Amino acid sequence: MMTDELLIKFLLKETSDAESELVCDWIAASPENLNHYSQFEKIWTTSKNLAADRPVDVEQAWVNFRQKAAGGSKPVVMLLNPLAKWSRIAAVFALVLGAWLAYTVLRPENYKEILAGNTVKTELLPDGSELTLSKRASISYAEDFKDNRHLKFQKGSIFFNVAHDKSRPFVIDINEVAVTVVGTSFHIRHLEGETEVIVETGIVRVSRNGEELELRQGEKVLIAETTAELVKARNTDQLYNYYRSHLFIAEGIPLKRLTSTLNEAYNVNIQIPDEQLAAEPIYTTLKAEDGLAENIKTICRTLDLKASMNKDQISLSRTK
């Protein structure tokens, strides 16, 4: 069970490696834990600015804080020994009480949005982490990001190169899914009710509804809204990397996967009515700079297909 004492110690950067790992694992275990930690961290950050001129009885402050945090429904009894090593932490709790009082009147946490238009966008976050956003991708990050590395993923494909900071996990919320890392590089795609996470370097923890799995280099997970569990697999292609490499590399992937990526890249609607054709493997490499029309021609030549237009929809079918 996670204790507030250990969270305070973690925020003070006084935890051992084992304790830091325990806290990071706990944060990644569920959205509720992440929520609690984010709130606790905000209280702690605010306390630094409030506590200097706020003389408080340490033991009573901690009791009041715990009652306030619990909604005041249950009395809390806790005795602190001022001569023990916890006296320092008790003093920190006094700061936290002052912060809690301020927190009740603070406005909800603000986020800054990063939005890519019709071009791929690279963004450097305040902690030194670098994001590469595909066209029309969007994500938001907390205004106090240096202390609270928390993001909300809206849509699109984004590649993350995260700055290493073991004391402050890098957390991305995607609806019910949470992705937690310390320092690593990985890709996330969130479109049409599906979330895909692919790890290039390091370790990424993905959690959903209390279930968690750990992804390492070359591993991925694909999560649909109707997915009951998290299942990881080996990543076997480089198609996901198109917005960084400017190449659509298809090495035996289903045609449907390639056309879905083209839909995202060119903001079009390519459909394959024949399910058997949609699952057919394709081997080709397309250049983004060649444009949609030329790349559709290459696909048709490769698989002996024809393309037809119906309003704003492109339909692919067999020639025979």
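Those residues that are within 32 Å of the chain's Cα centre (by Cα) and part of a helix (DSSP H, G or I), I need them from the range 263-289; list them, please.
Across the range 263-289, the qualifying residues are Asn263, Glu264, Ala265, Tyr266, Ala278, Ala288, Glu289.
Name the strands (runs of 3 or more DSSP E) wholly inside the range 171-217 in which the number of residues that are assigned by TED's automatic domain parsing to the domain that holds Asp25, out of contact with any Ser or Thr (no Cβ under 7 Å at 6 or more places or on another chain) and not small (Gly, Ala, Ser) is 3 or more.
Fully inside the range 171-217 and qualifying: nothing.
Is it fair to say Ala278 is of a type in the set (A, V, I, L, M, F, W, C), in contact (Cβ under 8 Å) with a residue 24 or more places away in the chain and in contact with a helix residue (DSSP H, G or I) (Cβ under 6 Å, 6 or more places away or on another chain)?
Taking the combined requirement at face value, the residue satisfies it.
Residue check, Leu230 against (1) within 25 Å of Asn161 (Cβ to Cβ); (2) buried (at least 19 other Cβ atoms within 10 Å of the Cβ), all met but one. Which one?
(2)
Considering only residues that are more than 15 Å from Tyr37 (Cβ to Cβ) and in a strand (DSSP E or B), which ones fall in the range 149-170?
Lys152, Phe153, Gln154, Lys155, Gly156, Ser157, Ile158, Phe159, Phe160, Asn161
Could you say which residue among Leu316, Leu286, Leu303 is touching a Phe, Trp or Tyr at 6+ places or on another chain (Cβ under 7 Å) and either more than 29 Å from Gly183 (Cβ to Cβ) or among the hydroxyl-bearing types (Ser, Thr, Tyr) (or both)?
Only one candidate passes the filter, namely Leu286.
Take the range 239-262 and flag every residue that is part of a helix (DSSP H, G or I), surrounded by 16 or more Cβ atoms within 10 Å (Cβ to Cβ) and of a type outside the set (A, V, I, L, M, F, W, C).
Of everything in the range 239-262, those that are part of a helix (DSSP H, G or I), surrounded by 16 or more Cβ atoms within 10 Å (Cβ to Cβ) and of a type outside the set (A, V, I, L, M, F, W, C) turn out to be Tyr240, Asn241, Tyr242, Tyr243, Lys256, Arg257, Thr259, Ser260, Thr261.
Residues that are closer than 22 Å to Val23 by Cα, surrounded by fewer than 16 Cβ atoms within 10 Å (Cβ to Cβ) and within 12 Å of the chain's Cα centre (by Cα): does the range 171-188 have at least one?
For the range 171-188, residues closer than 22 Å to Val23 by Cα, surrounded by fewer than 16 Cβ atoms within 10 Å (Cβ to Cβ) and within 12 Å of the chain's Cα centre (by Cα): present.
Under the condition of being surrounded by fewer than 17 Cβ atoms within 10 Å (Cβ to Cβ) and part of a loop (DSSP other than H, G, I, E, B), which residue from the range 128-146 is modelled with the highest pLDDT?
Here the residue is Gly128.
The values are calculated or read from the model by the stated rules, or taken from the named source; none is laboratory data. What you see is a predicted model, and the numbers here were worked out from it, not measured in a lab. For neighbour counting, all protein chains shown are included, and Cβ atoms are generated from backbone atoms with ideal geometry for every residue, glycine included.
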